[in-house]
Amino acid sequence: MRTVSLPHAEIRVLPDAGALSRAAADEFLGAARNAVGKRGRFTVALSGGSTPKAIFGLLAADEAAGRNKLPWDKVQVFFGDERHVPPDHPDSNYRMANEALLSKIPVPPANVHRVRAELDAARAATEYERELRSSFGSRAGEIPRFDLIMLGMGPDGHTASLFPGSAALKEQTAIVCANWVEKFNIHRITFTYPLLNAASEVMFVAGGVDKADVLRHVLRGDPSGQMYPAQDVRPAPGRLLWLVDEAAASKL
């Protein structure tokens, strides 16, 4: 592993996909233990995609083997974004997380807060924001503060379901919204910047050579001045951690 330091972020470069997933799983475990030790509970927002699936598989394997066990009854699980599909749909982020991790660990069902994406998209977003605020006990005007938000990044620089050119990029009031994604011709339910940037820690996990160009632009700036959604995730005063593999970091 090597480290690249930037004023606003910590970047760890891992040799390959396996090491990347292990580093992310270990960061999850460390953040959970720290939060439970300090406050008696750990609040985490999961991300979707193939890379998180591998991370979840490691966490489930650790639990099954009796390694790195966590007090799962003190873990509150949320989702940073969700596709507008029912929970049993193959594209559902909840379904992936449930199959790879949640069904294999002793987390109480009441501690898993899924997006009710089988509803109308706007209603699903409104209800999820209400559930978030209730779970965190947030007063009017307060933004819930997650212990850890897991994020990925697409080759177009999108993160969660904040896509280039989409309306949610400008949202400053709602902490969850139904975002119309033109390239897929569908709504997605997503956390917005106010919620992402209130977190104690945001952990990006990105791997693959197809991420190399956009990762350089996101972390170093694009000479053309183009902005990518991932660039505006800067938790303050929280920690911003990027875990990337050598392929993704090849152009840094």
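When you check Ala125 against the structure, is it buried (at least 17 other Cβ atoms within 10 Å of the Cβ), out of contact with any Ser or Thr (no Cβ under 7 Å at 6 or more places or on another chain) and farther than 30 Å from Ala236 by Cβ, yes or no? Answer is no for this residue. Looking at segment 194-204, is at least one residue among the β-branched types (Val, Ile, Thr) and either at positive phi or surrounded by fewer than 20 Cβ atoms within 10 Å (Cβ to Cβ) (or both)? No, because not a single residue in segment 194-204 is among the β-branched types (Val, Ile, Thr) and either at positive phi or surrounded by fewer than 20 Cβ atoms within 10 Å (Cβ to Cβ) (or both). Say we look at segment 128-138 and pick out the residues that are touching a strand residue (DSSP E or B) at 6+ places or on another chain (Cβ under 8 Å) and buried (at least 16 other Cβ atoms within 10 Å of the Cβ); which of these is farthest from Gln172 (Cα to Cα)? Top of the filtered list is Phe136.
Of all residues in segment 57-95 being in contact (Cβ under 8 Å) with a residue 24 or more places away in the chain and basic (Lys, Arg), which is farthest from Ser135 (Cα to Cα)? Once the filter is applied, the top-ranked residue is Arg83. You will find that of Leu58, Leu29, the residue that is modelled with pLDDT of 95 or more and touching a helix residue (DSSP H, G or I) at 6+ places or on another chain (Cβ under 7 Å) is Leu58 and no other. Can you pull out every residue in segment 167-193 that is under 19 Å from Arg234 (Cβ atoms), out of contact with any Cys (no Cβ under 8 Å at 6 or more places or on another chain) and surrounded by 19 or more Cβ atoms within 10 Å (Cβ to Cβ)? Result: Ile175, Phe191, Tyr193. Is at least one residue of segment 139-159 more than 25 Å from Val244 (Cα to Cα) and surrounded by 14 or more Cβ atoms within 10 Å (Cβ to Cβ)? The answer is yes; a qualifying residue exists. Could you run through segment 224-239 and say how many residues are open to solvent by 10 Å² or more (accessible area, probe 1.4 Å) and either of a type in the set (Asp, Glu) or not in a loop (DSSP other than H, G, I, E, B) (or both)? Residues flagged as open to solvent by 10 Å² or more (accessible area, probe 1.4 Å) and either of a type in the set (Asp, Glu) or not in a loop (DSSP other than H, G, I, E, B) (or both) within segment 224-239 amount to 3. A search for C-beta distances below 8 Å between a residue of segment 98-111 that is on the phi < 0 side of the Ramachandran plot and any residue that is open to solvent by 80 Å² or more (accessible area, probe 1.4 Å) and not in a loop (DSSP other than H, G, I, E, B), counting only pairs 6+ apart in sequence or on different chains, returns Ala100/Lys53; Lys104/Ala64; Pro106/Asp73; Val107/Asp73; Pro108/Asp73; Asn111/Asp73. Do we find a residue being within 27 Å of Val176 (Cβ to Cβ), hydroxyl-bearing (Ser, Thr, Tyr) and without any contact (Cβ under 8 Å) to a residue 24 or more places away in the chain anywhere in segment 33-45? Looking for residues that are within 27 Å of Val176 (Cβ to Cβ), hydroxyl-bearing (Ser, Thr, Tyr) and without any contact (Cβ under 8 Å) to a residue 24 or more places away in the chain, one finds none in segment 33-45, hence no. Taking the condition farther than 19 Å from Ile149 by Cα and touching a residue at least 12 places away in the same chain (Cβ under 8 Å), does Glu182 pass? Here the answer is yes, as Glu182 does meet what is asked.
The values are calculated or read from the model by the stated rules, or taken from the named source; none is laboratory data. A quick note: this is a predicted structure, and the numbers were derived from the prediction, not measured. Positions of Cβ are backbone-derived with ideal geometry, glycine not excepted, and every protein chain shown enters the neighbour counts. Keep in mind that these areas ignore ligands, DNA and RNA; they rest on the heavy atoms of the full protein, side chains included. Shrake-Rupley method; radii C 1.70, N 1.55, O 1.52, S 1.80 Å.
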